[in-house]
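These notes are about the structure you will find just below.
The values are calculated or read from the model by the stated rules, or taken from the named source; none is laboratory data. Being a predicted model, the structure only gives us computed values, none of them experimental. Positions of Cβ are backbone-derived with ideal geometry, glycine not excepted, and every protein chain shown enters the neighbour counts.
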Amino acid sequence: MSRDLRRVGDLEPATIAESVRVFGTPQYLYDGRAIAEQCRKVLGMPHAYEFVARYAMKANSSRAIVQTITRSGLAIDASTLNEVRRALAAGVPPRGIMLTSQDVPEGDDRRDVEAWMKEGLTYTACSLRQLELSAEFSVQARVGIALRVNPGAGTGESVTRNTGDNYSSFGVHMTNLGRVVEVARERGVAIDQVHVHIGSGGEPERWCENIDRMLSIVDGYFPQATTVNLGGGFKVARMPDEKAADVEALGSYARQRFQEFAARTGRQLAMAVEPGTFIVANSGHLVTQVIDKKSSGSGGFEFLVLDGGMESNTRPLLYGARHPFYVVSREGNLLSSEFDPELSRFGARVVVGRCCESGDSQTLDRSGHVTPRSMADPAVGDIVVVGGAGAYGASMSLGNYNSHVQAPEVLLDQDGRLRLIRRRQQLAQVTANEIGLD
Ligand SMILES: *Cc1c(COP(=O)(O)O)cnc(C)c1O
């Protein structure tokens with residue numbers, strides 16, 4: 001991907017500085033046009049028959065973000081009941097939502113799920129127990145159920161994000177599918193959709209294998225299935241040396257396979273996909289200010305202390321994930337960009353946050369060591385932007401560690417206006433549920 005070297009992602013550096021002036025730091029800043037563009041790419045994927053694209057809202061569950069995406073034409077993939085509730089609050093109807101969860105809802109929660117199913121929510125059973133618990137309702141209400149398969153093969157940028165192999169507990173493992181079919185037949189449940197999600201950041205070859213495997217599973221076990229849901233995990237390029245998934249090519253491959261399947265079996269299967277990362281990752285930035293600078297002597301490091309770190313973007317600490325850095329003067333001039341081919345002319349720096357935790361660095365490698373990165377030398381008060389932070393940034397933040405408050409979220413909307421979409425948390429909200437001894 002070629003990037004405009006004068007910009008921060010697709011944003012003007014002056015826009016960043018303005019957002020800092022108005023909303024302070026740290027803040028998450030999202031680019032609504034970039035989000036809409038990713039939605040268009042996914043909706044434009046080639047497909048053979050019916051096609052549904054669902055946004056995996058755990059990647060970023062903020063109401064205005066969910067609305068931006070659903071108004072662009074995507075449906076919702078929810079991973080918990082509370083995500084469903086947040087999607088409903090964002091104005092998404094139950095028929096626009098699929099729930100695929102490790103959770104086993106009981107009591108009031110189960111009644112909620114059943115009420116939503118009656119209104120069209122698609123429920124995915126992710127275990128035999130979930131299937132058994134939903135069977136009676138599904139038959140009575142005459143609503144089909146989706147089944148999540150654990151294909152015994154997965155992919156992901158790191159072991160902890162691989163969701164489809166033997167290490168993974170997601171879905172019903174391949175070896176138990178026979179039992180699933182038996183239970184469904186005994187109870188009269190129609191399994192009308194087969195779902196898989198093999199993990200985040202997968203290589204295209206694995207995604208193609210995934211399609212072939214899913215089609216053969218549908219052929220072998222699920223004669224009533226009308227939809228194959230291929231999950232998410234489309235790779236994005238956060239860093240200059242990474243390559244994004246070519247969704248056009250993945251779609252073309254899928255289209256051909258679905259057509260061949262139809263020619264062979266007479267079944268024209270609908271296709272569903274569920275990207276999260278791909279929709280929001282590169283449209284979001286963690287915007288911070290330099291609050292201090294230190295060095296650890298000769299043979300040590302040059303440190304930039306930022307007012308946002310692991311509590312706001314946990315990915316470097318969790319996965320050794322790399323994010324691009326942009327240094328912007330407080331006046332709004334770009335001082336360095338990760339995408340500058342001559343970046344190495346700048347000094348090497350380590351970026352740390354304010355938490356009392358040696359892992360609070362945005363420049364960690366996969367074994368958790370701090371690794372200096374080239375960037376301009378900002379002054380205290382200048383801005384450092386951590387790019388690629390729109391997915392699993394705010395939604396996976398460590399919130400209140402060290403009693404920091406959650407950073408606000410700002411959206412540059414599609415009309416080019418900066419809008420606060422989540423206020424900065426107040427300390428009183430952090431402590432609101434505490435009960436003291438006095
Ligand atoms: C997390 C998740 C996704 C999205 O994964 P990305 O890597 O963010 O695209 C899709 N489907 C399911 C079931 C998930 O749990």
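Determine whether segment 80-89 contains at least one residue that is acidic (Asp, Glu) and out of contact with any helix residue (DSSP H, G or I) (no Cβ under 6 Å at 6 or more places or on another chain). Among the residues of segment 80-89, not one is acidic (Asp, Glu) and out of contact with any helix residue (DSSP H, G or I) (no Cβ under 6 Å at 6 or more places or on another chain), which makes the answer no. Within segment 278-298, can you find the residues that are touching a strand residue (DSSP E or B) at 6+ places or on another chain (Cβ under 8 Å) and more than 16 Å from the ligand (Cβ to nearest atom)? Within segment 278-298, 285, 286, 287, 288, 289, 290, 291, 292, 293, 294, 295, 296 qualify.
For segment 374-416, the tally of residues that are touching a strand residue (DSSP E or B) at 6+ places or on another chain (Cβ under 6 Å) and either farther than 27 Å from residue 335 by Cα or polar (S, T, N, Q) (or both) stands at 1.
Among the residues of segment 269-277, are any more than 16 Å from the ligand (Cβ to nearest atom), at pLDDT 95 or above and in contact with a helix residue (DSSP H, G or I) (Cβ under 7 Å, 6 or more places away or on another chain)? Yes; the residues of segment 269-277 include at least one that is more than 16 Å from the ligand (Cβ to nearest atom), at pLDDT 95 or above and in contact with a helix residue (DSSP H, G or I) (Cβ under 7 Å, 6 or more places away or on another chain).
Taking each residue of segment 285-301 that is over 27 Å from residue 18 (Cα atoms) and looking for partners that are acidic (Asp, Glu) and part of a strand (DSSP E or B) with beta-carbon atoms closer than 6 Å, six or more apart or interchain, yields 295/302. When 60, 82 are checked against the criterion of being crowded, with 19+ Cβ neighbours inside 10 Å, under 22 Å from the mean Cα position of the chain (by Cα) and of a type outside the set (A, V, I, L, M, F, W, C), 60 stands alone in meeting it.
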